[in-house]
Amino acid sequence: MAGAFITFEGIDGCGKSTQLRILASELRVRRVEVVTTREPGGTSLGQKLRAALLDVDEQVDPLAELFVFAADRAQHVSKHLLPALAANKVVLSDRYADATVAYQGAGRGFEPALIQELVQLATGGLKPDMTLLFDLSVPESAVRTRKRVALKHTDRLDIEDADFHTRVRNAYLEIAKAEPDRVRVIDARNSVQETQEQVMDIVMRFLKDRGLLGEEPSSSGKERRAKGKGRDR
């Protein structure tokens, strides 16, 4: 398989989506062909499934939730991920199969054997080349999530209790412990800029080793972006 498949994982409020957007922008400046996507919702079918799955007013049975996530992933792999990777593109995905292990396996309490079977069926064995796990404590996650709730940027999984999110976080850390070559743990307590620097260092080394890193941006381009960041503060 050509290209590179990088996934972004972590409990709610960890900042992974922000870091994905920043990284994609930085890679495009370097003329890297980047595809950004997410689960659920990375395809037109997935967008419809996402709306139902994450609706705070929808009472979704846990088993139904598990199967719908699997259906979304099967469509995502077949119609989006595999074609992009075959075209030698760098794919950045906001969540993937590790999320099912953490949220539905540990969070909902489904048996690991069932989770692994469904993941294998849905992915066809496609695994990320690298996973960035943004680790954040559950209390800090709750603080950030409350801000999202106030802005009405929330979903059904956001409002689960602390015990649920603790199980999810612990499951993610167990995955990282079991697969240290694939999963890089990033301290998500840091500022956006500090976290970005860590992400850039890890990903640039990885892409350079795979021969996928494009040209360095010109000094003038760097200066323009630095000035832009200053104006945003």
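Bear in mind that the values in this text are calculations on the coordinates, not laboratory data. From a predicted model like this one, the values you see are computed outputs, not experimental measurements. A quick note on method: Cβ atoms are made from the backbone with ideal geometry, for glycine too, and the neighbour counts reach across all protein chains shown.
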Distance in nm between label sites at SER44 and GLU197, each 7 Å beyond Cα in the beta-carbon direction?
4.5
For region 57-139, with equal point scatterers placed on the C-alpha atoms only and solvent neglected, what are the log10 I(q)/I(0) values from the Debye formula at q = 0.21 1/Å, to two decimals?
-1.06
Suppose R0 equals 45 Å; then what is the FRET efficiency for ARG30 and GLU58 from their Cβ-Cβ distance, rounded to the nearest 0.05?
0.65
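Starting from the Cα-Cα distance between ALA113 and ALA178, subtract it from 0.36 nm times their residue separation and give me the gain in nm to one decimal.
The ALA113-ALA178 span can extend by a further 21.8 nm.
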Spin-label point model (7 Å from Cα, Cβ direction): what's the MET204 to ASP163 distance in nm?
4.6
Hey, with R₀ at 22 Å, roughly what FRET efficiency would GLN120 and THR18 work out to, going by the Cβ-Cβ distance, to 0.05?
0.10
Considering lysine pairs in region 4-222 that are 8 or more places apart or on different chains, how many have Cα atoms under 17 Å apart?
7
Listed by chain and number, the residues whose amide H is under 5 Å from that of VAL183, excluding neighbours fewer than 5 places away on the same chain and using placed H, are THR131
Fraction of alpha-carbon pairs over 33 Å apart in region 4-222 - percent
13
